[in-house]
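**Student:** Here's a structure for you.
The values are calculated or read from the model by the stated rules, or taken from the named source; none is laboratory data. Only a predicted model underlies this, so the values are computations on that prediction, with no experimental measurement involved. All Cβ positions, glycine included, derive from the backbone under ideal geometry; neighbour counts span all protein chains shown.
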């Protein structure tokens, strides 16, 4: 038996660890009590600085202790006797944070303390901090704390942006599954390579290059989501123009609906109503009361009668003047509309690349028919290339995705609603003052509702709408008859105050009698 190492039994090992834990806890409690006492007594001195440092080396995530250290260091800076020692004190603080980061590289407190020290000392070495970032990103290239800190350092020392862009390329080649690197890259891409001539966010050749790079990443590991998300961002990087889509003038209310949210300053500077050749003065107010809105109400003192010449002039981003002529549909009711166009405008080179990648997606899907990311990407490609041409296949694919990816069925339902509404708006001749669904899909949300702000009769019956959509109905400022029957409403709270003559909520099985009786609108249901 001599010379053999005694192996502790599991019970002995548990007891030993428990004794060690209790001893550490005893020391920790004693140290914390002493720290709290000294702080309460106002003894913010070197002794307290050393004491908090010892505790933090064991647990760097006690933010209270970092706060105490900042209090002490701030006092030291105001002390003339400590002024000469402050560079060394700051260096020691940085060393402490680095020691703590070795214990926990994802410590919010330690990274924040490091930022605070560097921004409050007069002689920060930002190049050294970049080296610190490089070191920690070698240990874990996906540590978003380090990436966040790197962006902070870059804002201070402002190295060549191209160097940082190349750094993300290097890190992504090491590991494509790096959300932080893709995100950082997206920010720099817009600054480095804007399409100045075409007005697009990204210059065509670089847009195409990024699509190729992300295709390699996505196809290397089709189950990794980081590259797919970056790809979706790239597909959304298109030129966007905002303009009025529907202008309505009646004796009681004048409104202008826009393709996207705009501010009151935008509306005031870009839109002018003309009645019988005379510019109309008035005040604009948001439909929802928000700073940005899709529908703006124009309050003016002009009397609206029949037989008037009503026009709306809009100034584009290029300074050109577009005129919308408002047609009289009823006595004293004028409506001017523009043709909706939701097709994304890519450069020809980008469209060519999208078609190539579409073929690649079809090939990959043939090999891995159950890969939802590939099917979703193929579907988005079809929609981006030509939404009208591929609409039927797009909707069929979204229904397949609902079956394959049940946890995100709601997301796919909302996409079906959005793209179906867009297809109806861009292909159908909708009745001038009526809105009715012209497709078989059931709506789960109400996108682009401002395009129907002029309608008197809005029929949303027999859909899958919940009470969450009610506040969005505020854009139906000219609606007289609203049908919300046979939906999934559970309450009428949130329904905006519209000047309705008729509101129908029949066959909403989750809408109780108590809810109807207690609701303000029960009298007209």
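**Student:** State the number of residues belonging to the range 274-325 that are in contact with a helix residue (DSSP H, G or I) (Cβ under 9 Å, 6 or more places away or on another chain) and in contact (Cβ under 8 Å) with a residue 60 or more places away in the chain.
**Tutor:** 6
**Student:** Out of all the residues in the range 370-388, is one or more surrounded by fewer than 19 Cβ atoms within 10 Å (Cβ to Cβ), in contact with a helix residue (DSSP H, G or I) (Cβ under 8 Å, 6 or more places away or on another chain) and free of Cβ contacts under 8 Å to residues at least 12 places away in the same chain?
**Tutor:** No - not one qualifying residue is present in the range 370-388.
**Student:** Something else: If we keep just the residues of the range 432-447 that are under 16 Å from residue 255 (Cβ atoms) and crowded, with 19+ Cβ neighbours inside 10 Å, which is modelled with the highest pLDDT? Spell out the reasoning first.
**Tutor:** Residues of the range 432-447 under 16 Å from residue 255 (Cβ atoms): 432-433, 435.
Add one more test, that the residue is crowded, with 19+ Cβ neighbours inside 10 Å, and what stays is 433, 435.
Values: 433: 77, 435: 90.
Checking each candidate, the answer is 435.
**Student:** Looking at 328, 357, 343, which is the one that is within 30 Å of residue 307 (Cβ to Cβ) and either within 29 Å of the chain's Cα centre (by Cα) or outside any helix (DSSP H, G or I) (or both)?
**Tutor:** 328
**Student:** What tally of residues in the range 325-348 results from selecting those that are outside the structural domain of residue 248 (by TED's automatic domain parsing), more than 19 Å from residue 257 (Cβ to Cβ) and surrounded by 13 or more Cβ atoms within 10 Å (Cβ to Cβ)?
**Tutor:** Result for the range 325-348: 5.
**Student:** Any residue at all in the range 214-230 that is at pLDDT 95 or above and either surrounded by 13 or more Cβ atoms within 10 Å (Cβ to Cβ) or within 29 Å of residue 358 (Cβ to Cβ) (or both)? Before you say what the answer is, go through the steps one by one.
**Tutor:** Here is the first cut: in the range 214-230, the residues at pLDDT 95 or above are none.
Checked the range 214-230: no residue is at pLDDT 95 or above and either surrounded by 13 or more Cβ atoms within 10 Å (Cβ to Cβ) or within 29 Å of residue 358 (Cβ to Cβ) (or both).
**Student:** Right, here's the next one. Which condition breaks for residue 122 when tested against (1) under 30 Å from residue 29 (Cα atoms); (2) loosely packed, with under 14 Cβ neighbours inside 10 Å?
**Tutor:** Residue 122 satisfies all of (1) under 30 Å from residue 29 (Cα atoms); (2) loosely packed, with under 14 Cβ neighbours inside 10 Å except (1).
**Student:** Looking at 266, 258, which is the one that is within 30 Å of residue 333 (Cβ to Cβ) and outside any helix (DSSP H, G or I)? Full working, then the answer.
**Tutor:** Numbers: 266 fails: outside any helix (DSSP H, G or I).
From the options 266, 258, the qualifying one is 258.
**Student:** Among the residues of the range 190-212, how many are part of a helix (DSSP H, G or I) and free of Cβ contacts under 8 Å to residues at least 40 places away in the same chain? Spell out the reasoning first.
**Tutor:** Here is the first cut: in the range 190-212, the ones part of a helix (DSSP H, G or I) are 190-192, 204-212.
Right, trim to free of Cβ contacts under 8 Å to residues at least 40 places away in the same chain and you get 191-192, 206, 209-210.
The qualifying residues number 5.
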